[in-house]
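Worksheet: the structure to be examined is printed underneath.
No lab work stands behind these numbers, since they all come straight from the coordinates. None of the values given here were measured: they were computed from a predicted structure. Every residue, glycine among them, receives a Cβ derived from its backbone with ideal geometry; neighbour counts consider all protein chains shown.
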Amino acid sequence: MSYLLNLAQIEDEMAKCMKCGNCQAVCPLYKETLREAAVARAKVQLAYFYLRGEIPATPALAEKMLFCLTCMACVESCPSGVQVDKVVLAARAAMERELGLPWLKKVIFQSLKRGKLFDAALKTGRHFQSLGLRYRPDIQRCNPRFPIGLELRRVIPPLAKKTLREQLPEINRPANKPRARVAYFTGCMENYIYTDIGRAVVNVLLANDVEVIIP
């Protein structure tokens, strides 16, 4: 059984934590907030207390577990080798089973399952994004206009005026006879936001006489 389905499977990982605080030196969230709850040792202890039934699952506890990038910087610096990322992800999964997902996340995840709905929502959003985002030409990024749960200093890339799939044909043939053929899965980020990266990938492949299929 996966550790994501049973928090008890990684109890030994939690017990390995010495609470030495080495994770403070490398945690980017602690450097930004100076909050002990951001540090790996705090999350490991909270997960341990939750597993043993000493503290209940609450929205506040779930929020503390979500306050982690799972960048694994703490794992690399941990002298005990605690796999903090697994502890955090398993605790998140356990609390989701007990508390359920917030309504906004439910809506987002349901839309991700429906490709056409997701595509239509983002194509519509690109026309109205200026209502909620303030564009900064100096960095070619946006900041939120209103405090809707987002840090107002947060930098957000704008949606492209045309998606990558709108800009490129399904079949892209090189000038010379193709020596290979590849299928290029654009994903979401390159299709809706970083279209310049997608075009660069296709151009490099075409320059090397590779035919590119964009399904």
- In sequence order, what are the phi-derived ³J(HN,Hα) couplings for the range 47-61 according to the Karplus relation 6.51 cos²θ - 1.76 cosθ + 1.60 with θ = phi - 60°, rounded to whole Hz, with x for glycine and proline? 5, 5, 5, 5, 4, 7, x, 7, 9, x, 6, 9, x, 5, 5
- With a cut-off of 14 Å, note down the residues of the range 41-68 whose backbone N falls inside the zone around a label point 7 Å from the Cα of Leu99 toward its beta carbon. 46-47, 50-51, 55-68
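Rounded, prolate or oblate: which fits the range 7-99, taking a ≥ b ≥ c as square roots of the Cα gyration tensor eigenvalues, rounded meaning a/c under 1.5, else prolate when a/b beats b/c? Let's see the in-between values first.
On the way: a/c = 1.84, a/b = 1.31, b/c = 1.40.
Oblate shape, in that a/c is at least 1.5 and b/c is the bigger or equal ratio.
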- Message: Counting only GluC sites (Glu not before Pro) that sit in a DSSP loop (anything but H, G, I, E, B) with at most 11 other Cβ atoms within 10 Å, what is the longest stretch of the chain containing none of them?
- Response: 55-150
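Considering only DSSP states other than H, G, I, E and B, which chymotrypsin sites (Phe, Trp or Tyr not before Pro) in the range 132-208 qualify as loop sites with at most 15 other Cβ atoms within 10 Å? Walk me through the intermediate numbers first.
Values: sites: Tyr135, Tyr184, Phe185, Tyr192, Tyr194; in loops: Tyr184, Phe185, Tyr194.
Those satisfying the criteria are Phe185.
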- Query: Between Arg134 and residues 5 or more places away or on another chain, which pairs have amide H atoms under 5 Å apart, with H built 1.01 Å from N, and which residues are they?
  - Reply: Asn143, Arg145
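Any chance you could run the full-extension gain for Glu76 through Arg145? It's 0.36 nm times the residue separation minus the Cα-Cα distance, nm to one decimal.
Working: separation 69, 0.36 × 69 = 24.84 nm, distance 3.72 nm.
Full extension of this stretch gives 21.1 nm more.
Diagonalise the Cα gyration tensor of the chain and give the resulting equivalent ellipsoid semi-axes, square root of 5 times each eigenvalue, largest first, whole Å. Intermediate values should be presented prior to the final figure.
Details: eigenvalues 319, 101, 70 Å².
Working through the eigenvalues yields semi-axes of 40, 22, 19 Å.
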- Item | Cut-off 18 Å (backbone N to label point 7 Å along Cα→Cβ of Asn208), residues of the range 172-187 | 172-186
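Using the structure shown, select from Lys43/Lys123; Lys123/Lys177; Lys64/Lys161; Lys113/Lys161 the pairs with a Cα to Cα distance greater than 27 angstrom.
Working: Lys43/Lys123 38 Å; Lys123/Lys177 35 Å; Lys64/Lys161 36 Å; Lys113/Lys161 24 Å.
In this structure, Lys43/Lys123; Lys123/Lys177; Lys64/Lys161 exceed 27 Å between Cα atoms.
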- Message: Amide H of Ile55 versus every other amide H placed in the peptide plane: which residues, excluding those fewer than 5 positions away on the same chain, fall under 5 Å?
- Response: Tyr50
- Task: Subtract the Cα-Cα distance of Leu69 and Ala57 from 0.36 nm times their separation in residues, and report this length gain in nm to one decimal.
- Result: 2.3 nm
- Are there cysteines in the chain with no second cysteine's Cβ under 4.7 Å away, and if so, which? Cys17, Cys20, Cys27, Cys68, Cys71, Cys78, Cys142, Cys188
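Please give the charge dipole size of the range 45-181, origin at the Cα centre, charges +1 on K and R Cβ atoms and -1 on D and E Cβ atoms. Round to the nearest 20 debye.
Numbers: 25 positive and 11 negative charges, 205 e Å.
Charge dipole, the range 45-181, about its Cα centre: 980 debye, nearest 20.
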- Query: Given the C-alpha centroids of the range 109-139 and the range 154-215, what is the distance between them in whole angstrom?
  - Reply: 20
- Message: Among Thr70, Leu101, Phe146, which residue has its Cα furthest toward the positive end of the charge dipole of the range 55-156, with +1 on Lys/Arg Cβ and -1 on Asp/Glu Cβ?
- Response: Phe146
